[in-house]
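Have a look at the structure that comes next, please.
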Amino acid sequence: MLNGLFGKKVGMTQFFTEDGDRVPVTVVKTDPVKVIQKKTVEKDGYKAVQVGIEELTEAKRRNVTKPLKGHFKDQTPTRYLRELAAGNDEEIEVGQTIDLSMFTVGDLVDVTGTSKGHGFSGVMKRHNFSGGPAAHGHRFNRGTGSIGQSATPAKIFKNKKMAGQYGNAQVTVQRLEIVEIKEDLNVILIKGAIPGPNGRLVEVKKTAKPKK
């Protein structure tokens, strides 16, 4: 079967265990996904399952291009198309619906998402530089400071920490615990924080690291 599922980050809240401990959790809404295509080694060079997430409304389906309509064939077009690794894809059929029943409370999962983008950021925000004096008369303030050398070697070395694009990158947080599953709402509660803003798509898959 599949090793994971896609969902949308709803936000963070708190969960109380049976012992009365308060645990910070992230709410992930994982609606059932449909299998759109099976990738094979013979045809595609690798083995995976393509799934469709969030079916489009009747109005949105008008904007679907003809190549995509042919790709979906008789199935309802979806907003997202993603791929998941499949252990035994012989049990999986095109058109099959997969839900969060693959997870149980206590499972450890790896969550992959896109972190919040901060645009072009300075060195204090991007690399946690301390900055210069803030007293009257100083012009350093939040600047980068010296970045190179004099006559020797007279260049700036690669990978120098400088201002630039910050965030909006793929991030994976490993070994997070599932503390609650609400099947009637298609929601799972994951202990701790996961990357990305609320409403963004994340991948929840069984952890690649064994238990310690």
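Given a Förster radius of 41 Å and the C-beta distance between residue 140 and residue 60 as r, what FRET efficiency does 1/(1 + (r/R0)^6) yield to the nearest 0.05? Write out the running numbers ahead of the final one.
Values: r = 52 Å, r/R0 = 1.28.
So the FRET efficiency works out to roughly 0.20.
Once label points are set 7 Å from the Cα along Cα→Cβ at both residue 182 and residue 150, what is their separation, rounded to one decimal in nm?
Between residue 182 and residue 150, the simple spin-label model gives 6.6 nm.
Starting from the Cα-Cα distance between residue 208 and residue 68, subtract it from 0.36 nm times their residue separation and give me the gain in nm to one decimal. Can you show the working numbers first?
Values: separation 140, 0.36 × 140 = 50.40 nm, distance 3.28 nm.
Length gained between residue 208 and residue 68: 47.1 nm.
Another one. Are there any GluC sites (Glu not before Pro) in the stretch 59-113 that are in a DSSP loop and have at most 13 other Cβ atoms within 10 Å? List them by number.
On the way: sites: 83, 90, 91, 93; in loops: 93.
Filter output for the stretch 59-113: 93.
Gain in length, residue 93 to residue 171, computed as 0.36 nm per residue apart minus the alpha-carbon separation, to one decimal in nm?
Working: separation 78, 0.36 × 78 = 28.08 nm, distance 3.05 nm.
Residue separation times 0.36 nm, minus the Cα-Cα distance, leaves 25.0 nm.
Let me ask something additional. Using DSSP to define loop residues, name the chymotrypsin sites (Phe, Trp or Tyr not before Pro) in the stretch 1-48 whose beta-carbon has at most 15 other beta-carbon atoms within 10 Å.
Working: sites: 6, 15, 16, 46; in loops: 46.
Here the chymotrypsin sites (Phe, Trp or Tyr not before Pro) that fit, given the DSSP loop and packing criteria, are 46.
Charges at C-beta only: +1 for Lys and Arg, -1 for Asp and Glu. How large is the resulting dipole of the stretch 1-151 about its Cα centre, in Debye rounded to 20?
On the way: 22 positive and 18 negative charges, 267 e Å.
Value, rounded to 20: 1280 debye.
Here's another thing I want to ask about it. Mind checking which lysines have their C-alpha under 23 Å from residue 158, skipping anything on the same chain fewer than 8 residues away?
Output for residue 158: 125.
Within the stretch 16-82, report the trypsin sites (Lys or Arg not before Pro) that DSSP leaves as loop and that have at most 15 other Cβ atoms within 10 Å. Show your work: numbers first, answer last.
Working: sites: 22, 29, 34, 38, 39, 43, 47, 60, 61, 62, 69, 73, 79, 82; in loops: 47, 73.
Qualifying residues, ordered by number: 47, 73.
I've got another one for you. What does the charge add up to near residue 13, with Lys and Arg as +1, Asp and Glu as -1, over the other residues with Cβ less than 14 Å from its Cβ? Walk me through the intermediate numbers first.
Details: positive: 9, 22, 29, 182, 191; negative: 180.
Once positives and negatives cancel, what remains is +4.
Which residue, 99, 107, 74, tops the fluctuation ranking in a GNM of the chain built on C-alpha contacts under 10 Å?
74
Along each principal axis of its Cα atoms, how long is the stretch 139-207 end to end? Whole angstroms, biggest number first, please.
For the stretch 139-207, the Cα spread along each principal axis is 68, 29, 17 Å.
Among 29/182; 9/38; 8/38; 9/116, which pairs are too far apart, with a Cα-Cα distance over 18 Å?
Values: 29/182 10 Å; 9/38 27 Å; 8/38 23 Å; 9/116 13 Å.
From 29/182; 9/38; 8/38; 9/116, over 18 Å: 9/38; 8/38.
Let me ask you something else. Using only alpha carbon pairs under 8 Å that are at least six residues apart, calculate the relative contact order of the stretch 89-185 and give it in whole percent. Intermediate values should be presented prior to the final figure.
On the way: 116 pairs, mean separation 43.7, N = 97.
Worked out over the stretch 89-185, it gives 45 percent.
Report the local net charge at residue 118: Lys and Arg +1, Asp and Glu -1, summed over other residues whose C-beta lies under 13 Å from its C-beta.
Every neighbour counted, the sum reads +3.
Expressed as a rounded percentage, what relative contact order does the chain have, with Cα pairs under 8 Å and six or more residues apart? Before the final figure, lay out each step's value.
Details: 426 pairs, mean separation 63.9, N = 212.
Relative CO of the chain lands at 30 percent.
Ok, one more. Students often forget the sequence filter, so: which aspartates and glutamates lie under 17 Å Cα-Cα from residue 69 once same-chain residues fewer than 8 apart are removed?
54, 55, 58
Pairwise over distinct Cα atoms, reciprocal of the mean inverse distance: report the Kirkwood radius of the chain in Å, one decimal place. Show your work: numbers first, answer last.
Numbers: mean 1/r = 0.0482 Å⁻¹.
Over the chain, the inverse of the mean reciprocal pair distance is 20.7 Å.
Throughout, read-outs are computed from the coordinates displayed, never taken from laboratory work. Bear in mind the structure is a predicted one, so any value in this text is a computation, not a measurement. We place every Cβ from the backbone using ideal geometry, glycine too, and count neighbours over all the protein chains shown.
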